[in-house]
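**Student:** There's a structure below that I have some questions on.
The values are calculated or read from the model by the stated rules, or taken from the named source; none is laboratory data. Every value quoted in this text rests on a predicted model; they were computed, and no experiment measured them. Heads up, the Cβs are rebuilt from the backbone with ideal geometry, glycines too, and the neighbour counts pull from every protein chain shown. For the accessible areas, the whole protein counts, side chains as well, though only heavy atoms, and no ligand, DNA or RNA atoms are used. Shrake-Rupley method; radii C 1.70, N 1.55, O 1.52, S 1.80 Å.
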Amino acid sequence: MHRVGSAGNTTNSTRPRKEKRLTYVLSDADDTKHCAGINSLALLKTTVFDGCDYLFTGSRDGTLKRWALGEDAATCSATFESHVDWVNDCVLAGDNTLVSCSSDTTLKTWNGLSDGTCTRTLRQHSDYITCLASAGKNSNAVASGGLGGEVFIWDIEAALSPVSRSGEAMEDDSSNGINGSGHPLPITSLRTINSSNNISVHSTQSHGYVPTAAKGHKESVYALAMNDSGSLLVSGGTEKVVRVWDPRSGSKTMKLRGHTDNIRALILDSSGRYCLSGSSDSMIRLWDLGQQRCVHSYAVHTDSVWALASTPTFSHVYSGGRDFSLYLTDLSTRESLLLCTGEQPILQLALHDDSIWVASTDSSVTRWPAEGHNPQKVFQKGGSFLAGNLSFSRARVSLEGSSPVPVYKEPLLTIPGTPAVVHHEILNNRRHVLTKDTAGSVKLWEITKGTVIEDYGKVPFEKKKEELFEMVSIPAWFTVDTRLGSLSIHLDTPQCFSAEMYSADLNIVGKPEDDKVNLARETLKGLLAHWLTKRRQRFGNQASSTNGELPGREITTRSHAHPRIDGDSTAENDSVVYPPFEFSMISPPSIITEGSQGGPWRKKITDLDGTEDDKELPWWCLDCVLNNRLPPRENTKCSFYLQPCEGSTVQILTQGKLSAPRILRIHKVINYVIEKMVLDKPLDSLNSDATFPPGLAGGPLQPATVGDGSFRSGMKPWQKLKPSIEILCNNQVLSPDMSLATVRAYIWKKSDDLVLNYKVLQGR
């Protein structure tokens, strides 16, 4: 199943979450390049003299792109970004309308000649949508198929009609689920089909547009095709049969058997009489729908056939698949030619005059000679063979050493992509992620800024990971996946707010070094800085006031239920984005999230306009950025005992537990011991037993708390004396830069309360 993926942040996730997730997708590349495999191609031919043809590409990176095609160049002229998972297919319909489908279970419509604005989101499928078919550019009929055997037939013009705005199956302006009037549209999921017939209309209202549902598949659908007039629809999938439908009524007309494995590609001739199918059984079959039988089978490939394209007269077929090879086959004479071979499996083909576009699991697209108007010219070059008619017969011939030689060695044109990130490792400092891409390059990302800070080139990943190891312990406040070909950083509340660092450790200038900085809060401020600026421009400074309530009744209620937990004593009105959290505006990350209405959406942070509220963004993100509130979190303190080393003549009374932030450094504990020694005893009696004041011994944790600022009053006296203290754990001397969390994780290694020992270094 090469066309299905998951971004890990949609409603298909099996891990239950009470609150909506916020994901941001990082990009190190030019926005004019895809960074994952190309699942779909659609060609828009110009009707204007000297006009430009356009190629549309849909990628596993979740975006579509439009390429303006020249004689020997292709220029990216628009990026279509709104899907939150793999784009699995795209077709052109109606008046330059681009229709795309995704593993996010939605279809989206776009003005193909616009700047990339989504015009409608269509929601009817309950699982991944794998394929589309249209009756051609001038028709409004589009069919969609997906997992679970769902097939729907859409009238795109009706779906886009303003009359349909109250319909349940569609949603205007998919980026945020808001229609042109600013009112949210209701969204529906797939309704149960209880009709015994072949068709059921999904509607819970008497008004609004919903698609026709064609019922018959019991398993997943991976291929669809429609003839030019829109009078015939064929489908295929894991059931290994080709089903034929009347798309105007949704009724099933016939079922064709012959393939022995999944059907992955289908095409129809313009009249709808002949159908070609490609299968994982390596076979291509030609069906006469009038006779309801297979009239020819072609054993050309050595592995699964995933893509088909025919000449305008349906006399020849181009085929590609898992064997990395593109073949041209004469359907009447059975002659076949190996046109070219690549380095990746072929996912999609699009014939363009006398050339053909080839998309693969690589992020690039190539254009090869094809002679679509006169394919016999290619056969004149020689090297053809006769296609067999038995499954995998070509594979056996190949094993015998008689593989054909490709006619073409180099493509006419390559639209390059960016190598996809395929491997990652979150480093212990919880701010850096090490990645490796398909080209073998290893890079180090700083996820709080969204940038690559080191490009190591082609080095061993595991060795570099070992070199970058740090003995530090910081809570896991985010998760990562690379299913979109780049780093997707997931933030879930409340666990994302568990990590703090001192401002000094982040090298934040102008902020007290003992101030605690919550990494998730500062990251959210960086991500939404552009949004907040736009919001202030629209609504004035009160839009970011910490005294004002968030928009929406639901958020206000929740905000009162979760009182503010202060993680940074100076951050009451702190909207400044500090350098460690400033995201690049050259290659800005994209946000994937959803609010209380409208479903998931995706946008670049620079495309946010300030109008997004709790209907589009998670309430907890807004509460954090606007009101400086954090949700209740797990205890960020670390309890420990502080005892003298065995045989030490210097003691301070610490009968009870001490408590301090997990991020507290050992040098603060040293200061604490010195403070007690210096301030609780005369300076000339440091070698005698030292004790706490009576009120602290054995008391509650709060009085016996090692705080961030508890040493400031004692700094000057001990600085003059400078007694030298060591802190040990498990008889190991601790570095002053270690945090309590690090000591507990790497030195103590027990679930019991941490025990630290102190001793004075004699003669120093």
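**Student:** Can you name the condition, by its number, that W67 falls short on among (1) at pLDDT below 95; (2) over 21 Å from the mean Cα position of the chain (by Cα); (3) not polar (S, T, N, Q)?
**Tutor:** (1)
This table checks each residue for (1) at pLDDT 95 or above; (2) surrounded by 17 or more Cβ atoms within 10 Å (Cβ to Cβ); (3) not hydroxyl-bearing (S, T, Y).
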residue: L328; (1), (2), (3): yes, yes, yes
residue: I346; (1), (2), (3): yes, yes, yes
residue: Q376; (1), (2), (3): no, no, yes
residue: G383; (1), (2), (3): no, no, yes
residue: G388; (1), (2), (3): no, yes, yes
residue: R396; (1), (2), (3): no, no, yes
residue: E400; (1), (2), (3): no, no, yes
residue: H423; (1), (2), (3): yes, no, yes
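**Student:** Within the group G136, G145, which residue is in contact (Cβ under 8 Å) with a residue 40 or more places away in the chain, in a loop (DSSP other than H, G, I, E, B) and within 22 Å of D269 (Cβ to Cβ)?
**Tutor:** G136
**Student:** Could you please find all residues in the stretch 272-294 being in contact with a helix residue (DSSP H, G or I) (Cβ under 9 Å, 6 or more places away or on another chain) and surrounded by fewer than 20 Cβ atoms within 10 Å (Cβ to Cβ)?
**Tutor:** Selection gives nothing.
**Student:** Sticking with this one: Would you pick out the residues in the stretch 634-654 that are open to solvent by 40 Å² or more (accessible area, probe 1.4 Å) and part of a loop (DSSP other than H, G, I, E, B)?
**Tutor:** E634, N635, E646, G647, T649, Q651, L653
**Student:** Residue under question is L92, and the condition is that it be touching a Leu at 6+ places or on another chain (Cβ under 7 Å), modelled with pLDDT under 95 and surrounded by 22 or more Cβ atoms within 10 Å (Cβ to Cβ); does it hold?
**Tutor:** yes
**Student:** Identify, from the list S297, S319, the residue that is of a type outside the set (A, V, I, L, M, F, W, C) and surrounded by fewer than 24 Cβ atoms within 10 Å (Cβ to Cβ).
**Tutor:** S297
**Student:** Now, a different point. Can you confirm whether the stretch 171-178 contains a residue that is modelled with pLDDT under 85, under 19 Å from A143 (Cα atoms) and buried (at least 19 other Cβ atoms within 10 Å of the Cβ)?
**Tutor:** Within the stretch 171-178, one or more residues are modelled with pLDDT under 85, under 19 Å from A143 (Cα atoms) and buried (at least 19 other Cβ atoms within 10 Å of the Cβ).
**Student:** Tell me whether the stretch 451-468 contains one or more residues that are under 25 Å from T636 (Cα atoms) and either modelled with pLDDT under 95 or of a type outside the set (A, V, I, L, M) (or both).
**Tutor:** no
**Student:** Something else now. Condition test on V241, is it open to solvent by 10 Å² or more (accessible area, probe 1.4 Å) and over 26 Å from N140 (Cβ atoms)?
**Tutor:** For V241, the condition - open to solvent by 10 Å² or more (accessible area, probe 1.4 Å) and over 26 Å from N140 (Cβ atoms) - is not met.
**Student:** Just name the residue that is nearest to S59 (Cα to Cα) out of those in the stretch 462-504 that are open to solvent by 10 Å² or more (accessible area, probe 1.4 Å) and aliphatic (A, V, I, L, M).
**Tutor:** V480
**Student:** Any idea which of (1) of a type outside the set (K, R); (2) open to solvent by 10 Å² or more (accessible area, probe 1.4 Å); (3) modelled with pLDDT of 95 or more is the one D85 doesn't satisfy?
**Tutor:** Among (1) of a type outside the set (K, R); (2) open to solvent by 10 Å² or more (accessible area, probe 1.4 Å); (3) modelled with pLDDT of 95 or more, D85 violates only (2).
Quick grid of which residues meet (1) within 41 Å of the chain's Cα centre (by Cα); (2) in the same structural domain as A741 (by the TED database); (3) polar (S, T, N, Q):
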| site | (1), (2), (3) |
| --- | --- |
| C645 | no, yes, no |
| S648 | no, yes, yes |
| G656 | no, yes, no |
| I663 | yes, yes, no |
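**Student:** Within the set of pairs 6+ apart or on separate chains, which have a first residue in the stretch 287-298 that is free of Cβ contacts under 8 Å to residues at least 24 places away in the same chain, a second that is open to solvent by 70 Å² or more (accessible area, probe 1.4 Å), and C-beta atoms under 6 Å apart?
**Tutor:** G290/R273
**Student:** From the list G450, G440, exactly one residue is out of contact with any Cys (no Cβ under 8 Å at 6 or more places or on another chain) and over 30 Å from K525 (Cβ atoms). Which is it?
**Tutor:** Exactly one of G450, G440 is out of contact with any Cys (no Cβ under 8 Å at 6 or more places or on another chain) and over 30 Å from K525 (Cβ atoms), namely G440.
**Student:** State all residues of the stretch 348-366 that are in contact (Cβ under 8 Å) with a residue 60 or more places away in the chain and buried (at least 20 other Cβ atoms within 10 Å of the Cβ); if no residue qualifies, say none.
**Tutor:** Passing the criteria: Q348, L349, A350, W357, A359, S360, T361, D362, S363, S364, V365.
**Student:** For the subset of the stretch 114-127 comprising residues that are assigned to a loop (DSSP other than H, G, I, E, B) and touching a Phe, Trp or Tyr at 6+ places or on another chain (Cβ under 8 Å), which member is surrounded by the most Cβ atoms within 10 Å (Cβ to Cβ)?
**Tutor:** H125
**Student:** Let me ask another. State yes or no: is F478 under 17 Å from the mean Cα position of the chain (by Cα) and closer than 30 Å to Y746 by Cα?
**Tutor:** So F478 passes the test.
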